[in-house]
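What follows is a short report on a single structure.
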Amino acid sequence: MATLKLYLLKLFLTAVAFSITATLLYPVVYIFLTAFSRLPTLSLDISYFTIENFVSVINDADFRNSLILSSLVSGATVFLALLFITPAAYAFSRFKFRGKSTALYSYLIFSQVSGGFGVASLVALFVFLGKLNLVSIYVLPFLYVSGMVPFNTWLLKNYFDNIPRELDEAAFVDGSSWWTLIFRVILPSSKAPILVLAIFAFMGAWSEFILANLFGFRTLPVLMYKYVGAYTTYWNMFAATAILYAIPIIIMYMTAQRFIGEAVRMGVKG
Amino acid sequence: MAKPKGKEELLFPAKIALLLTIPSLFLFIFFNIWPIAFSVYLAFTNANQINVYNPEYPARPLRFIGLSNFVQLFNDPAFYYSLLKTLLFLGTSVPLKMLVGVGLAFLFSSPLIYGKRVMRGLLLTPWALPAILSVMIWRGALDPRYGPMTPFFSLIVGRPFQAVGTTMNEWDSFLAYNIIEMWLAYPFVMTVVGGAISGIPKEIIEASIVDGAGVFSRTTKVVLPLIMRTVAFVAVLTSGASLQAFLIPFVLNDGGPMKIFAGKLISSNDLLLLYGYHRFMRDYEWGYAAAFYLIVVMILSVYVYIWFKFVFQRGGK
């Protein structure tokens, strides 16, 4: 009798959990299914199944141009983030210097309001980049990296803290050359933090919208924003575009899921 | 070999530290801090989209106008309107996402659910998607004619739900912002609070069962007090997101229907950051927008001060 009651309770709770999950994920499930539909709205009729939406999106010149632009900008952002942020995070982890904790705390504090400060400085940024003639697609990755400095330096520093320092200290004391120290000792032992930074930088650049839109660069999010109004009647086309856009992000999320969880915990721990 | 004195004892020369940190610090200051300093200058001028590049523009030369922008701002009912709308959004969206997130954390802390891990993983989807994509998906989902979520919300409000499109309704779009903000934030709340719940020692729960506490009193009297600090902490963090809401109103419907408020054309749901953006991109009053954004920076500084205090109350780590 007791086991039956428990069984029924389990069934009931599972049903509750499932219906909440289904409701919350309904928009995403809907968009996923509609992308394979011949009709602009979802139909459960299997005869409407098609992959033509994806073919026509990929054949669309606008989409391809934006895809190339977004890939280049994101690639450049990853490269610059590694170049600028890794050495700084390493220094924050291994060196003792004046103003170190002030800088770290400022980074941490700033990262809590970076979104708001980012928007709040748009006017001045627009004016001052315009005056210096710096409104260019080549500057965009630098802008992205600058916004990533506070949080990612801080995050990466925590990762470096967990890598035993005996190794690089020993190499330094032995009088190894800088080249050996960097490429034979430090970099090989810090693959994980560097991978995390690369993934975060890519995800940040790939999904940045506000700056790209303001300066009129047609990256994928900007293109989709232009489409989403016009596409309400061609919801299936928008859905196909959205899936193609989300694929790299989802792959990276799955690779880095563990790290993302860790990053959030660190953010919470302060 | 003798052990180096203390972990922090430097083996590397300090000059190298400088060399390694300066480039990123420079980048950060140049593109993030300098514009804020530059808006201090703009805020005291009558800058607009022409005279800022051509200071001797005859119709309106670029001039220092002292505190005029700030005087105008504080006498502008639209500014207070936006401030109140933002506070209202803070007051509605934070409880909503806390309720959903904490509720889900409790539900999924139960061992009595089949497929718990799979469902919990799936529920993190909003986290995996870029925020910009999520808001665009919601924009489609709330389309008045074709949107798959529209019938559901029409049922709730008791008439056709209109948060997107040419005949938008002010409060429908406000409700939509709340729903989307909740949707973006519940995975975070759920994960952190869920972590706190699973961190409660089993002995405490077992002791309360032995003492005869039912599910309800066990939840409210034993578990809830133990995770209260975490819940409060998450609430503070997630308030920051609501205070800085920009992407949601901007991408969903650009602030909702336009209306004339105290002689000024504004969007009816101009939350703080969006209000400034509209003064910048619609009115071209760049000096005024800069002055406004300085006030926003101050408001955010107050928030971040509260956040900082909170972190240190928890013991600093």
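The values are calculated or read from the model by the stated rules, or taken from the named source; none is laboratory data. Here the structure is a predicted model, which is why all the values come from computation and not from measurement. Every residue, glycine among them, receives a Cβ derived from its backbone with ideal geometry; neighbour counts consider all protein chains shown.
For the range B:150-182, which positions are within 12 Å of another protein chain (Cβ to nearest Cβ) and in contact with a Ser or Thr (Cβ under 7 Å, 6 or more places away or on another chain)? Result: B:M182, single match.
In this structure, is A:F18 in contact with a Phe, Trp or Tyr (Cβ under 6 Å, 6 or more places away or on another chain), of a type outside the set (D, E, K, R) and surrounded by fewer than 16 Cβ atoms within 10 Å (Cβ to Cβ)? Judged against the criteria, A:F18 is not a match. Being hydroxyl-bearing (S, T, Y), within 24 Å of A:I182 (Cβ to Cβ) and more than 9 Å from chain B (Cβ to nearest Cβ) is the requirement here; does A:Y159 meet it? Yes. Inspect the range B:53-68 for any residue being surrounded by 15 or more Cβ atoms within 10 Å (Cβ to Cβ) and within 9 Å of chain A (Cβ to nearest Cβ) and give the result as yes or no. Within the range B:53-68, not a single residue is surrounded by 15 or more Cβ atoms within 10 Å (Cβ to Cβ) and within 9 Å of chain A (Cβ to nearest Cβ).
Taken over the range B:216-275, the residue count meeting the criterion of being more than 12 Å from every other protein chain (Cβ to nearest Cβ) and among the hydroxyl-bearing types (S, T, Y) is 5. The set of residues from the range B:100-147 being small (G, A, S), in contact with a Leu (Cβ under 9 Å, 6 or more places away or on another chain) and surrounded by fewer than 20 Cβ atoms within 10 Å (Cβ to Cβ) comprises B:S110, B:A131.
Candidates B:W127, B:W171: the one that is without any contact (Cβ under 8 Å) to a residue 12 or more places away in the chain, at negative phi and not in a loop (DSSP other than H, G, I, E, B) is B:W171. Going by the structure shown, is B:F161 of a type outside the set (S, T, Y), free of Cβ contacts under 8 Å to residues at least 40 places away in the same chain, buried (at least 23 other Cβ atoms within 10 Å of the Cβ) and in the same structural domain as B:F250 (by TED's automatic domain parsing)? So B:F161 fits the description; yes.
Reported count of residues in the range A:123-149, each being under 22 Å from the mean Cα position of the chain (by Cα) and either among the β-branched types (V, I, T) or at the interface with chain B (Cβ under 7 Å from one of its Cβ atoms) (or both), is 8. Here A:S106 fulfils each of the conditions (1) more than 7 Å from chain B (Cβ to nearest Cβ); (2) over 30 Å from A:V57 (Cα atoms); (3) touching a residue at least 12 places away in the same chain (Cβ under 8 Å); (4) touching a helix residue (DSSP H, G or I) at 6+ places or on another chain (Cβ under 7 Å) apart from (4).
Whether a residue is of a type outside the set (F, W, Y) and farther than 24 Å from B:V311 by Cβ was assessed, and B:T230 does not pass this test.
The rows are residues; the columns are (1) among the β-branched types (V, I, T); (2) assigned by TED's automatic domain parsing to the domain that holds B:L107; (3) modelled with pLDDT under 90.
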site: B:L224; (1), (2), (3): no, yes, yes
site: B:T230; (1), (2), (3): yes, yes, no
site: B:S239; (1), (2), (3): no, yes, no
site: B:D254; (1), (2), (3): no, yes, no
site: B:Y288; (1), (2), (3): no, no, no
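Of B:I33, B:I22, all but one fail to be in a helix (DSSP H, G or I), within 9 Å of chain A (Cβ to nearest Cβ), under 22 Å from A:F97 (Cβ atoms) and more than 29 Å from the chain's Cα centre (by Cα); the exception is B:I22. Does A:P27 meet the test of being within 25 Å of A:L223 (Cβ to Cβ), within 12 Å of chain B (Cβ to nearest Cβ) and either over 22 Å from the mean Cα position of the chain (by Cα) or hydroxyl-bearing (S, T, Y) (or both)? Criteria not met by A:P27.
Within the range A:55-98, being polar (S, T, N, Q) and without any contact (Cβ under 8 Å) to a residue 24 or more places away in the chain holds for A:N59, A:S71. Residues in the range B:195-209 that are more than 14 Å from chain A (Cβ to nearest Cβ) and part of a helix (DSSP H, G or I): B:I197, B:K202, B:E203, B:I204, B:I205, B:E206, B:A207, B:S208, B:I209. As a summary of the residue check, A:K96 satisfies the conditions (1) modelled with pLDDT under 95; (2) within 11 Å of another protein chain (Cβ to nearest Cβ); (3) in a helix (DSSP H, G or I) except for the one numbered (3). For A:V185, state whether it is in a helix (DSSP H, G or I) and at the interface with chain B (Cβ under 9 Å from one of its Cβ atoms). The answer is no for A:V185. In the range A:110-132, the residue that is farthest from B:L272 (Cα to Cα) out of those that are of a type outside the set (G, A, S) and assigned to a loop (DSSP other than H, G, I, E, B) is A:L132.
Table: residues versus (1) touching a helix residue (DSSP H, G or I) at 6+ places or on another chain (Cβ under 8 Å); (2) within 26 Å of B:L175 (Cα to Cα).
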{"residue": "B:G66", "(1), (2)": "no, no"}
{"residue": "B:Y80", "(1), (2)": "no, yes"}
{"residue": "B:V102", "(1), (2)": "yes, yes"}
{"residue": "B:F108", "(1), (2)": "yes, no"}
{"residue": "B:Y114", "(1), (2)": "yes, no"}
{"residue": "B:W127", "(1), (2)": "yes, yes"}
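For the range B:130-149, which positions are part of a helix (DSSP H, G or I), within 7 Å of chain A (Cβ to nearest Cβ) and not small (G, A, S)? Scanning the range B:130-149 gives B:I132, B:L133, B:M136, B:I137, B:W138, B:R139. Assessment of the range B:70-85 against the conditions (in the same structural domain as B:Y288 (by TED's automatic domain parsing) and of a type in the set (S, T, N, Q)) yields no matching residue. Of the residues making up the range A:136-176, those that are part of a helix (DSSP H, G or I) and either charged (D, E, K, R) or farther than 23 Å from A:F79 by Cα (or both) number 10.
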